[in-house]
Every structure is written in structure tokens, then in C-alpha cells.
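Scroll down for the structure; my scribbles are underneath it.
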Amino acid sequence: TDALNAFGEIYLKQTLASGVIPQITAVFGTCGGGLALVPALTDFTFMESEKAKLFVNSPNALEGNHESKCDTASAKFQSEDAGLVDFTGSEDEIYAGIRELISMIPSNNEDDMSYEECTDDLNRASEALENAVGDPAVICSEIGDDHVFVETKAAYAKEMVTGFVRLNGMTVGVVGNRTESYDEDGNVAEKYADVLTARGARKAAKFVKFCDAFDIPVLTLTNATGFNATVCSEKVMAKSIGELVHAFASATVPKVNVIIGKAYGTAYVAMNSKSVGADIVYAWDNAEIGMMDASMAAKIMYPGSEASVINEKAAEYRELQSSVESAAARGYVDTVIAPVDTRK
């Protein structure tokens with residue numbers, strides 16, 4: 001009971017420190033049972049990819065499972081499936097990652113020193129941005145000071161990107177919708193549906209709440225057309241999207257949204273839109289903002305019509321209802337920009 005009480009006291013101290021000082025856990029060996037709650041209560045967790053074990057119940061203690069079947073204590077499982085681990089790698093990579101992360105975030109919630117002198121050109125243009133619309137991580141690497149982007153939970157809910165960049169020396173938290181990722185040669189490696197998922201929404205909500213607690217401005221890169229539609233996700237979808245909306249709406253830090261692709265329906269609203277509190281909304285000049293895809297809307301309004309009619313009506317709908325100009329005219333977009341000027 002003394003040991004149990006000691007664990008409880010540690011949990012209490014961590015909880016009291018939450019939102020006051022950033023908390024980081026690094027797992028190099030076995031972190032099991034009650035000790036596994038320590039990384040669960042911290043803001044960021046690093047885990048050595050080969051030797052480290054992280055679990056509440058060991059893999060062999062799970063009904064119908066054994067370690068050779070599914071190693072639930074591994075860094076791979078905890079980062080990709082559980083989403084508890086932000087960064088994995090070798091011991092040296094973990095130390096380097098911690099140093100990089102610490103340089104990005106403030107030391108406490110009253111510290112305004114999470115910035116450094118910017119030596120990068122603030123008006124630097126990037127011709128490659130328009131071709132990288134599918135991956136916010138690439139966009140962040142392009143627009144961030146010195147092309148630095150620190151992605152958090154990169155292996156979990158890959159369709160939602162979270163991480164930190166510096167803009168004019170100031171740390172900024174970024175949340176973005178990913179529809180594809182690229183390999184080292186610039187070819188598409190993986191594709192993702194352009195929808196919000198329950199996992200992605202919870203991942204983003206937690207990240208926004210961290211930024212809000214430590215006065216880190218939030219930048220959103222929006223490219224979403226709807227919600228993931230499966231029986232499994234429907235069980236938690238509304239709750240998860242609600243958490244995301246609440247995180248954006250209640251955050252008192254500066255919030256900027258850049259619509260880089262398609263922004264349809266309630267998914268667009270949930271992604272830091274003007275209506276839920278974004279201070280400034282930019283949109284790329286080729287973005288689409290509206291209720292739904294123009295072709296789908298035309299098919300609904302003109303059922304059974306020929307393809308030529310559908311195409312004609314879709315073009316009319318796109319111009320009237322889904323264009324950037326239409327959203328800007330209504331005040332939902334502050335400024336329409338060319339992708340090349342995004343950093344500026």
C-alpha cells in the first residue's frame with residue numbers, strides 16, 4: 001500500500017503541474033503497470049524503438065493474445081495504434097529529439113521566451129507549396145523558419161498532422177489535414193481519405209489544448225470534405241469532433257486558419273473556421289469552400305439528368321456556392337492568397 005500511495009502522489013503532482021510546465025517522458029526500458037500512467041499524464045512521450053516496453057497489462061496477460069501474436073508493449077504498437085507515444089527511435093535519436101522539442105516550447109505557462117531571433121527571409125516564396133497540398137508536414141517544412149518542422153505523434157492518425165514550427169522566431173502549433181504522404185523522391189507513398197476521423201480529431205484536440213495552455217499560437221491547414229463513415233467510427237465520431245470544436249472554440253491564443261484545399265460541410269466548420277473563433281482566415285486562390293462537392297450537389301438537385309446538364313449545373317454551383325470569392329464576400333475568408341505567398 002505504501003508503493004500504491006507513492007504512485008498516487010506522483011500522479012497528483014503530475015496533474016497539478018499539467019498546463020503549468022510542459023512534461024516529457026522518455027521510455028528506455030520497461031514501463032509497466034501503474035508506471036505506464038506516467039507517460040499518459042505527460043504532454044509528450046519518447047520511446048526507444050527496440051528495447052523499451054510500455055504497457056498496463058503485458059501482451060501475454062491479454063485474453064487471446066501473446067507477445068508473438070501482437071506485441072502491445074512495443075514502441076510500434078504504442079505509437080501507431082495506441083497513440084500514447086509521440087516519438088520513437090534510438091537512444092541518441094531520442095536525446096536529440098528531446099533537445100529539439102524543448103527548444104521549441106516554453107519552460108512554463110508564464111514564460112514568453114519560446115522564440116528566437118529569425119534569420120530567415122519573412123517574405124520567402126515557395127513555388128513547391130501548391131504541389132504539396134496533400135501533406136501539411138511538407139508545407140510546414142517549407143513555410144517554417146529555416147525549414148524546420150517538429151511533428152508530434154507522426155505515426156498515429158496520420159491523416160491529421162500536428163507539430164511545431166517557428167514563424168519569425170516564434171513557436172507556432174500547427175494542425176493540418178493530410179490526404180497523402182511522399183517518399184524521399186517526392187512520389188506519393190500513402191494516400192488518406194480527405195475526411196476527419198475520430199482518432200485524428202482527438203489527436204488534434206489534445207494538441208490545441210496544450211498550445212492554449214502555454215500561449216502558443218495555433219495555425220490550421222484545412223483540407224477536409226466530411227467525416228469518416230464507418231459503424232466503428234460512428235460510435236465515437238460526434239464526441240471526438242465535439243472535443244475538436246471545443247478545443248478550437250475555447251482556445252484564447254491567436255488562431256489562424258489557411259484553407260489549402262477543399263473545405264466542405266461541418267468538417268470545415270470544425271477545423272478552426274471563422275465561426276468557431278479563428279482570428280484570421282486565409283484561403284489559397286484554388287481552394288473550395290461550401291456545403292459539399294459541386295458535382296454531388298448537382299446530382300442531388302437534378303436527378304436523372306444527362307452528364308452535360310450535371311456538368312453545367314455543377315459549374316454554376318461551384319461558382320456561386322463553393323468558390324473562394326463567395327466565401328470571402330460573406331466574410332468567412334479574410335484574404336485570398338496564392339500558395340506561393342503562404343509564408344509571407
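The values are calculated or read from the model by the stated rules, or taken from the named source; none is laboratory data. As the structure is a computational prediction, the values presented were derived from the model and not from experiment. Cβ atoms come from the backbone with ideal geometry, glycine included; neighbour counts cover every protein chain shown. The accessibility values were calculated without ligands, DNA or RNA, using every heavy atom of the protein model including side chains. Shrake-Rupley method; radii C 1.70, N 1.55, O 1.52, S 1.80 Å.
A compact table of results
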read-out	value
Shape category assigned to region 45-131 from the gyration tensor of Cα positions, a/c cut at 1.5	prolate
log10 of Debye I(q)/I(0), alpha-carbon scatterers only, for the chain at 0.09 Å⁻¹	-0.53
Relative contact order [Cα under 8 Å, 6+ residues apart], region 156-291, whole percent	22 percent
With every protein chain in place, region 129-248: carbon and sulfur % of accessible area (1.4 Å)	52 percent
Euclidean distance of C-alpha centroids, region 156-201 and region 61-79, integer Å	27 Å
For Ala283, net neighbour charge (Lys/Arg +1, Asp/Glu -1) across residues whose Cβ lies under 14 Å away	-3
Extension gain (nm, one decimal) between Asp146 and Glu319, 0.36 nm per residue minus Cα-Cα	58.5 nm
Antiparallel DSSP beta bridges within the chain, as percent of all bridges there, nearest 5	35 percent
C-alpha center-to-center spacing [region 300-344, region 84-129] in angstrom	37 Å
Global geometry of region 99-216, whether rounded, prolate or oblate, following the gyration tensor of its Cα atoms and the 1.5 cut on a/c	oblate
Amide hydrogen neighbours beyond the local backbone of Leu221, cut-off 5 Å, H modeled	Val175, Gly176, Asn177, Val258
Neighbourhood charge, 12 Å Cβ-Cβ cut-off, centred on Ala52 and excluding it, Lys, Arg +1 and Asp, Glu -1	-1
For the chain: relative contact order, % (alpha-carbon pairs under 8 angstrom, 6 or more apart)	12 percent
Where labels lie 7 Å past Cα in the beta-carbon direction, separation of Asn187 and His246 in nm	4.5 nm
Separation of the Asn311 and Leu4 label points, Cα + 7 Å toward Cβ, nm	7.2 nm
Of Lys53/Lys203; Lys69/Lys158; Lys274/Lys313; Lys153/Lys239; Lys13/Lys69, pairs whose Cα-Cα distance is over 32 Å	Lys13/Lys69
Per residue accessible area in Å² of region 28-125, where ligands, DNA and RNA are left out and the probe is 1.4 Å	56 Å²
³J(HN,Hα) computed for each position of region 330-338 - Karplus, 6.51 cos²θ - 1.76 cosθ + 1.60, integer Hz, glycine/proline x	8, x, 7, 10, 7, 9, 9, 10, 7
Accessible area of region 9-92 belonging to carbon and sulfur atoms, whole % at 1.4 Å probe	55 percent
Net charge over other residues, Cβ less than 13 angstrom from the Cβ of Ala189 (K, R count +1; D, E count -1)	-3
Lys344-Cys118 pseudo-label distance in nm [points 7 Å out on the Cα-to-Cβ vector]	1.4 nm
